[in-house]
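Peer 1: This is the structure I want to talk about, given as structure tokens.
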Amino acid sequence: MTASLHLYGVKAPVLALSSKRLDFGSKGTTFSVTLPSSSAVFRAVEHSCRNIALRVSCEDVRVDLLERKEHETCYSSATGKELTCVMKFGGSSVESAERMKEVANLILSFPDERPVIVLSAMGKTTNKLLKAGEKAVTCGVTNVESIEELSFIKELHLRTALELGVETTVIEKHLEGLHQLLKGISMMKELTLRTRDYLVSFGECMSTRLFSAYLNKIGHKARQYDAFEIGFITTDDFTNADILEATYPAVSKTLVGDWSKENAVPVVTGFLGKGWRSCAITTLGRGGSDLTATTIGKALGLREIQVWKDVDGVLTCDPNIYPGAQSVPYLTFDEAAELAYFGAQVLHPLSMRPARDGDIPVRVKNSYNPTAPGTVITRSRDMSKAVLTSIVLKRNVTMLDIASTRMLGQYGFLAKVFTTFEDLGISVDVVATSEVSISLTLDPAKLWGRELIQRVNELDNLVEELEKIAVVKLLQRRSIISLIGNVQKSSLILEKVFQVLRSNGVNVQMISQGASKVNISLIVNDEEAEQCVRALHSAFFETDS
Ligand SMILES: Nc1ncnc2c1ncn2[C@@H]1O[C@H](COP(=O)(O)OP(=O)(O)O)[C@@H](O)[C@H]1O
Ligand SMILES: N[C@@H](CC(=O)OP(=O)(O)O)C(=O)O
């Protein structure tokens, strides 16, 4: 067969083509697409997100990576000056017109960079949108007008447009759409997860339009993109969607293709995607713009991913718990992922995945203090002197103590326990086991995302199921203190930890080192947790020993 299919710039040999079906592929892996009509074959494949996702769901990853390489080369040779990096600016970095101007200056202060810009919603807009949605459910259609958060959002965005000197028309349609949506919510008297995602999408859609218009106004050619229109294809898990593989070639094709034609700085909405089945707007979980940035970095094979925040990089602990926290100069992807997963708000829990896959360094910088070196996150670093890197606190965690009712030596106990979790769809965070008992914590992000009533029912069901084989103790209001660092030095770390906890009169209720090479987790009571973190911070980071 000599014909080839160009799918998002990827060349795959066509194996068979009939009026109903197209088979293509290579190296023993074939894909089939059902066609609406044979004449529409290439357009159908290229334009329908369902077909692309279908391709991915039956795809051999090895082939996909091989194909994407060809694709990247194809575009990088087409443009003399390639895009170099991603610069992501969070809500705090673009909270006002003044901040947007500073961010524009910051971008222009790197004349050698040709960045893709990713923006979050302005300031606390996402929270305000959610609050407005909740109020709309109960306030009645005639009162939507006077929802305080709606007025705030309108006023903030219109004022920002005026102060930036750009036409308010760039956001007027969205402000009107938002108003109508809130009226719709109010009529329906319900706010589904799907509507919630559509509602919060207005934040990123407006911030990127304002910023892109401003860059154009000051003579720096820019082009705004809604992530859900350029191939950010996700699962349909509204409010917590996961990015699908098909995203990478699609996003690369649009951004690199357009850049090679007009050299306009791409300004992309963070946080948003499009569900592959529903084709509705999805979001990637709170803080998801970090993940948008690393996804673009990997898709385009860029040199560096920069995430600009309001702190001097990743810090030794949450500055809200301890203001004396210091910046950490280097981290590995594994350390950063663990830190984010265990609750450090500074990075989205899944954002390290694309960077690690693409082996692209991530630099965390402070847009309020650009000269501070920040944190560089890479595949590996010199660990010879590293002991503890950062302390992370995750509050309000539920812990379960499960002791087998059978005798020692009974096999299958662990399997039964974990099957129960699997059957009920509840994920587990930290685990410590002996032969006849298990202590574990439940992932609060997964559990607390559900409605209160559903949550209570689920815990009841879980305990009821487990009680068939074990004595179960449900312990609430616990905290996980995660010690991120060099677990090769665990004895040294633990010696110090227990000295500190003992002198503070704190009892550790569970400890887990697991297979992770970078994390030791301790479970303590919620009310003791902050004091523990502060004491541990001074012992590890503020003394010479
Ligand atoms: N270990 C940590 N290092 C740095 N910041 C942290 C850490 N833990 C919590 N934070 C909080 O994370 C905030 C930055 O994350 P986030 O608000 O998501 O930034 P942005 O909105 O700019 O992307 C900081 O202002 C800080 O309060
Ligand atoms: N605006 C979204 C997405 C995001 O990433 O925001 P930030 O970069 O400000 O954390 C949120 O508030 O969750």
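The values are calculated or read from the model by the stated rules, or taken from the named source; none is laboratory data. Computed from a prediction, not measured in an experiment: that's the story for all the values here. Note that each Cβ is placed from the backbone with ideal geometry, even for glycine, and that neighbours are counted across all protein chains shown. Surface accessibility is based on the protein's heavy atoms, side chains included, excluding ligands, DNA and RNA. Shrake-Rupley method; radii C 1.70, N 1.55, O 1.52, S 1.80 Å.
Peer 1: So which residues in region 188-217 are among the aliphatic types (A, V, I, L, M) and open to solvent by 40 Å² or more (accessible area, probe 1.4 Å), if there are any at all?
Peer 2: Residues of region 188-217 that are among the aliphatic types (A, V, I, L, M), as a first pass: 188, 191, 193, 199-200, 206, 210, 213, 215.
MET188, LEU193, listed by residue number.
Peer 1: Look through region 133-174, keep the residues that are part of a helix (DSSP H, G or I), small (Gly, Ala, Ser) and in contact (Cβ under 8 Å) with a residue 12 or more places away in the chain, and return whichever of them is surrounded by the most Cβ atoms within 10 Å (Cβ to Cβ). Full working, then the answer.
Peer 2: Taking region 133-174 and keeping what is part of a helix (DSSP H, G or I), we get 133-139, 141-146, 148-164, 169-174.
Narrowing the set further to residues that are small (Gly, Ala, Ser) leaves 133, 136, 146, 151, 161.
Next cut, in contact (Cβ under 8 Å) with a residue 12 or more places away in the chain only: 133, 136, 161.
Values: GLY133: 23, ALA136: 28, ALA161: 22.
The selected residue is ALA136.
Peer 1: From the list ARG502, ARG534, which residue is open to solvent by 70 Å² or more (accessible area, probe 1.4 Å), under 28 Å from the mean Cα position of the chain (by Cα) and at pLDDT 90 or above? Explain how you work it out, then say what you get.
Peer 2: On the way: ARG502 fails: under 28 Å from the mean Cα position of the chain (by Cα).
Of the residues listed, the single one that is open to solvent by 70 Å² or more (accessible area, probe 1.4 Å), under 28 Å from the mean Cα position of the chain (by Cα) and at pLDDT 90 or above is ARG534.
Matching residues to (1) closer than 24 Å to VAL94 by Cβ; (2) open to solvent by less than 20 Å² (accessible area, probe 1.4 Å); (3) without any contact (Cβ under 8 Å) to a residue 60 or more places away in the chain:
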{"position": "HIS220", "(1), (2), (3)": "yes, no, no"}
{"position": "THR234", "(1), (2), (3)": "yes, yes, yes"}
{"position": "THR239", "(1), (2), (3)": "yes, no, no"}
{"position": "GLU245", "(1), (2), (3)": "no, no, no"}
{"position": "PRO249", "(1), (2), (3)": "no, yes, no"}
{"position": "ASP258", "(1), (2), (3)": "yes, no, yes"}
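Peer 1: Taking the conditions exactly as written (out of contact with any Cys (no Cβ under 6 Å at 6 or more places or on another chain) and within 13 Å of ligand 1 (Cβ to nearest atom)), does ASP334 satisfy them or not? Working first, answer last.
Peer 2: On the way: out of contact with any Cys (no Cβ under 6 Å at 6 or more places or on another chain): yes; within 13 Å of ligand 1 (Cβ to nearest atom): no.
Spelling it out, it is not the case that ASP334 is out of contact with any Cys (no Cβ under 6 Å at 6 or more places or on another chain) and within 13 Å of ligand 1 (Cβ to nearest atom).
Peer 1: Can you find even one residue in region 387-409 that is open to solvent by 50 Å² or more (accessible area, probe 1.4 Å), at pLDDT below 95 and assigned to a helix (DSSP H, G or I)?
Peer 2: No: zero hits.
Peer 1: If you don't mind, there's one more thing I want to ask. When the residues of region 116-132 are filtered to those that are touching an Asp or Glu at 6+ places or on another chain (Cβ under 7 Å) and free of Cβ contacts under 8 Å to residues at least 40 places away in the same chain, which remaining residue is farthest from ligand 2 (Cβ to nearest atom)?
Peer 2: Restricting to residues being touching an Asp or Glu at 6+ places or on another chain (Cβ under 7 Å) and free of Cβ contacts under 8 Å to residues at least 40 places away in the same chain, the top hit is LYS131.
Peer 1: Any idea which residue in region 183-211 is nearest to ligand 2 (Cβ to nearest atom), counting only those that are of a type outside the set (A, V, I, L, M, F, W, C) and free of Cβ contacts under 8 Å to residues at least 60 places away in the same chain?
Peer 2: Looking only at region 183-211, we keep the residues that are of a type outside the set (A, V, I, L, M, F, W, C), and these are 183-184, 186, 189-190, 192, 194-198, 201, 203-204, 207-209.
Retained after the next criterion (residues that are free of Cβ contacts under 8 Å to residues at least 60 places away in the same chain): 183-184, 186, 189-190, 192, 209.
Details: LYS183: 23, GLY184: 22, SER186: 23, LYS189: 26, GLU190: 22, THR192: 19, ARG209: 15 Å.
Checking each candidate, the answer is ARG209.
Peer 1: May I pose another question? Give me a count of the residues in region 492-545 that are of a type in the set (Val, Ile, Thr), over 22 Å from TYR341 (Cα atoms) and in contact with a helix residue (DSSP H, G or I) (Cβ under 6 Å, 6 or more places away or on another chain). Please lay out each step first, then the result.
Peer 2: Looking only at region 492-545, we keep the residues that are of a type in the set (Val, Ile, Thr), and these are 493, 497, 500, 506, 508, 511, 518, 520, 523-524, 533, 543.
If we keep only those that are over 22 Å from TYR341 (Cα atoms) as well, we get 500, 506, 543.
Now narrow it down to the ones that are in contact with a helix residue (DSSP H, G or I) (Cβ under 6 Å, 6 or more places away or on another chain): 500, 506.
Number of matching residues: 2.
Peer 1: Picking from GLY287, GLY324, which residue would you name as being open to solvent by 10 Å² or more (accessible area, probe 1.4 Å), in contact with a Phe, Trp or Tyr (Cβ under 9 Å, 6 or more places away or on another chain) and at pLDDT below 95? Explain how you work it out, then say what you get.
Peer 2: On the way: GLY287 fails: at pLDDT below 95.
When all the criteria are applied, what remains is GLY324.
Peer 1: Only one of these is within 14 Å of ligand 2 (Cβ to nearest atom), within 17 Å of ALA372 (Cβ to Cβ) and not aromatic (Phe, Trp, Tyr): VAL328, VAL346. Name it. Break it down into steps so the answer makes sense when it comes.
Peer 2: Numbers: VAL328 fails: within 14 Å of ligand 2 (Cβ to nearest atom).
Sole residue among the options that is within 14 Å of ligand 2 (Cβ to nearest atom), within 17 Å of ALA372 (Cβ to Cβ) and not aromatic (Phe, Trp, Tyr): VAL346.
Peer 1: Six or more apart or on different chains, Cβ atoms under 7 Å: show the pairs whose first residue is in region 86-115 and among the charged types (D, E, K, R) and whose second is within 16 Å of ligand 2 (Cβ to nearest atom) and in a helix (DSSP H, G or I).
Peer 2: Filtered contacts from region 86-115: LYS88/SER289; LYS88/ASP290; LYS88/ALA293; ARG99/SER93.
Peer 1: Return only the number of the condition from (1) in a helix (DSSP H, G or I); (2) open to solvent by 30 Å² or more (accessible area, probe 1.4 Å); (3) modelled with pLDDT of 90 or more that ILE453 does not satisfy.
Peer 2: (3)
Peer 1: Follow-up question, since we're still on this one. Say we look at region 354-382 and pick out the residues that are open to solvent by 60 Å² or more (accessible area, probe 1.4 Å) and within 16 Å of ligand 2 (Cβ to nearest atom); which of these is nearest to SER92 (Cα to Cα)?
Peer 2: Checking each candidate, the answer is TYR368.
Peer 1: Among the listed residues ALA340, ALA336, which satisfies the condition of being within 15 Å of the chain's Cα centre (by Cα) and within 13 Å of ligand 2 (Cβ to nearest atom)? Steps first, please.
Peer 2: On the way: ALA336 fails: within 13 Å of ligand 2 (Cβ to nearest atom).
Going through ALA340, ALA336 in turn, the sole match is ALA340.
Peer 1: Testing SER351 on (1) within 16 Å of ligand 2 (Cβ to nearest atom); (2) open to solvent by 10 Å² or more (accessible area, probe 1.4 Å); (3) hydroxyl-bearing (Ser, Thr, Tyr), one condition comes back false. Which one is that?
Peer 2: Unmet for SER351, out of (1) within 16 Å of ligand 2 (Cβ to nearest atom); (2) open to solvent by 10 Å² or more (accessible area, probe 1.4 Å); (3) hydroxyl-bearing (Ser, Thr, Tyr): (2).
Residue by residue, here is whether (1) modelled with pLDDT of 95 or more; (2) more than 13 Å from ligand 2 (Cβ to nearest atom); (3) more than 19 Å from GLU338 (Cβ to Cβ); (4) under 18 Å from the mean Cα position of the chain (by Cα) holds:
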residue: GLY273; (1), (2), (3), (4): yes, no, yes, yes
residue: THR294; (1), (2), (3), (4): yes, no, no, yes
residue: LYS298; (1), (2), (3), (4): yes, yes, yes, yes
residue: VAL307; (1), (2), (3), (4): yes, no, no, yes
